[in-house]
Amino acid sequence: MATSSAVGRIAAVVALLGAAVAAAIVLMGSGGDSYEVTAKFENASQLVGGEQVVVAGTPAGKVTDIALGSNGEALVTFSVDEAYAPLERGTTATVRSFSLSGIANRQVELTLPATGEAGGEIPDGGVMEQSETVSEVDLDEIFNTLNKRTVDDLKKVITGLETSYDGVGKQANRGFKYLNPFLSTSRRVFGELTRDERTFERLLVDTSRLSGALAARRDDVSQLVGNLNGMMGALGRQKEALARSVGELPDFMRSFNTTAVNLRAALDDLDPLVDASKPVAVKLRPFFREFRGAANDLVPAVRDLDAIVKRKGADNDLVELTRLAVPLASKAVGQGSPDCGDDPSAGSGGAADDDFEQGAFGESTCALRNSLPNLSLFRPYTPELVGWFDDFGHSGFTDANGGIGRISTTLNTFSLSAPDLPILDPTELQTPLQQAGLFDTGNLSRCPGALERDPGDGSTPFGPSNGGPNCDESDVPTGP
C-alpha cells in the first residue's frame, strides 16, 4: 500500500511537470510566431501597457511595451492577431478613450486602408511613423486653451442646456431623430461654400460689415426685438385661432398635394426652357462678373441714398418730404373743380371764392380764364407792339465811320397842316393853355389800323363794326 501511494505521488508530480513544460513550449512558440509592430506617437496618451488593440470595435491585439524614443516620441509596441496580420501601409493607429469613467481607459484603434489604396506590407517588428499615428487629445487640453471668462460662460451654457432638457428627454430624442438629415444637408451646404473660397471670403467680409452696421444701429435692433416680442405675445394670445388654423392645415395640405402633382408636370414642361437658357447663362457669366464690380461700387451710393431716405432729425429726409407733399397737394388742388364765376348773372373776373378753397391750381385757372378779355383787347395791337420793340432794336446804321444815328421829323396825315395851324406870332403864345389849344387831345380809344385809310373794303379801322375791340372808329386820319 505504501509503495503504491509513493508511486502515485511520483506520477502526479511528473504529470504536473510535463504539463508545465508543454505550456511553456506552447507559450514560447506562440510568442515567437506573434506579429508585432512599433508605432511612433507624439505622446503615449496615458497608455500603461496591456490595453486592447481594436479594429472596427473588435479586439485584434494588445499593447505589449511602451518606451521613449530618441526624439521624445512614445514608442508603442503592440501585437496584432493573425486575422489582421500583416498590416499594410496606409493603416492609421489612433489612441482613443473607450469610456468616460476612469483615467487610463485607453485603447489603440487601427483604421485599415480601403481596398486598392493600401501600400506595401509592414513586416513583423516594423515601425509605423508618426505621420501614421494620432495621439489622444483630452478634453481638458481643449479647456486649458480657453481663458477664465470663456470657461465661465461655457459652464453657464452647459448648465442652461441641462435646465432646458430637464424633463423633456424623450421629446428631445425624437427631435434628434431629424438632426442627422439636417447635419448631412449642412455638410453639403458648407462643401459648396468652401468650393469657391473667394466668394465665401467675400460672404464673411460682407457679414462682418453687416454685423458692424447692426451694432451701429443697436437701438433700432433692440426696438425690433421688442416689437417681435410684442408680436409673438399677440400671436400667443390668439392660441385658439392658431389651433383652428392648425386643425385646417391637413385639408389644406391635401389640396396642396394636387397642386404639387400638377406643379411636377409643369416643371417637366419647363425643361426645354431650362435647356434653351443654358447657352445664354454661359454668355451671362462675364456680364455678372462685371456687374459684381458695379455692385461693389454701388455700396457708397446706396449708403448715401439710405441717408437721404431716412435720417435722424426733423424735416431732413425723403420720408418727411413725402409726408409734406400731402398738405402741399391739398393746397394746390383744393376741393372740387374750379368755379371761376362764369355765371352771367354773377359777372366774371376775380377769384372763385373768398377763402381760396379751390387751391392754387384752381385760382391760376380762373386767373387765366378771367384775363382772356384783357388779352383779347391787346391782341389786335400786336403789330404795333412788335414794331415798337423792333424800333428799339434798329435805332441806327453802320457805315465806314462806324455806327451812326439819324433823327428826322416825319409828317403824316396826323400832322397839322397850314389850314389847321394858323401862323401865330410867338408873342401871342403866352400861356400853356393857349399852347395846348393848338392840338387835338383826348384820343384814348383809337382802333387798330386807324393810322391807315380805308382801302374800300371796310377792313380799317378794326373796330366793333367788323368784329374788332370796343374803340372809337371815328378817330381816323383827316382828309379824303
TODO: Compute the label zone of R303 within segment 177-210: residues whose backbone N is under 19 Å from the point 7 Å along Cα-to-Cβ.
DONE: 202-210
TODO: Hey, can you grab everything whose amide H is under 5 Å from the amide H of R446? Only 5+ residues off in sequence or another chain; H modelled, so Pro and N-termini drop out.
DONE: D472
Task: segment 133-179-segment 181-201 distance, computed between alpha-carbon centres (Å) - done: 24
TODO: Starting from one equal scatterer on each C-alpha and no solvent at all, send me the Debye-based log10 I(q)/I(0) for segment 34-137 at q = 0.13 Å⁻¹, two decimals.
DONE: -0.41
Open item on the list: Within 11 Å, Cβ to Cβ, of T111, how many net charges do the neighbouring residues add up to if Lys/Arg are +1 and Asp/Glu are -1?
Closed with: -1
Task: Beta bridges per DSSP with both ends in segment 34-137, % antiparallel, nearest 5 - done: 75
Open item on the list: Taking a ≥ b ≥ c as the square roots of the Cα gyration tensor eigenvalues, with a/c under 1.5 meaning rounded and otherwise prolate when a/b beats b/c, else oblate, which class fits segment 79-150?
Closed with: prolate
- [ ] For segment 58-199, state the average projected area of the convex hull of the C-alpha atoms over all orientations, rounded to one decimal in nm².
- [x] 14.8
Open item on the list: Could you derive backbone 3J(HN,Hα) for segment 366-378 from the dihedral phi with the Karplus parameters 6.51, -1.76 and 1.60 (θ = phi - 60°), listing whole Hz in sequence and x where the residue is Gly or Pro?
Closed with: 5, 5, 5, 5, 6, 8, 4, x, 5, 5, 5, 5, 7
Task: Range of Cα positions in segment 245-309 per principal axis (Å), largest first - done: 50, 38, 12
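Every number in this text was worked out from the coordinates using simple rules, so none of it is lab data. All values derive from a computational prediction rather than experimental measurement. Cβ sites come from the backbone with ideal geometry, for glycine too, and all protein chains shown count toward neighbours.
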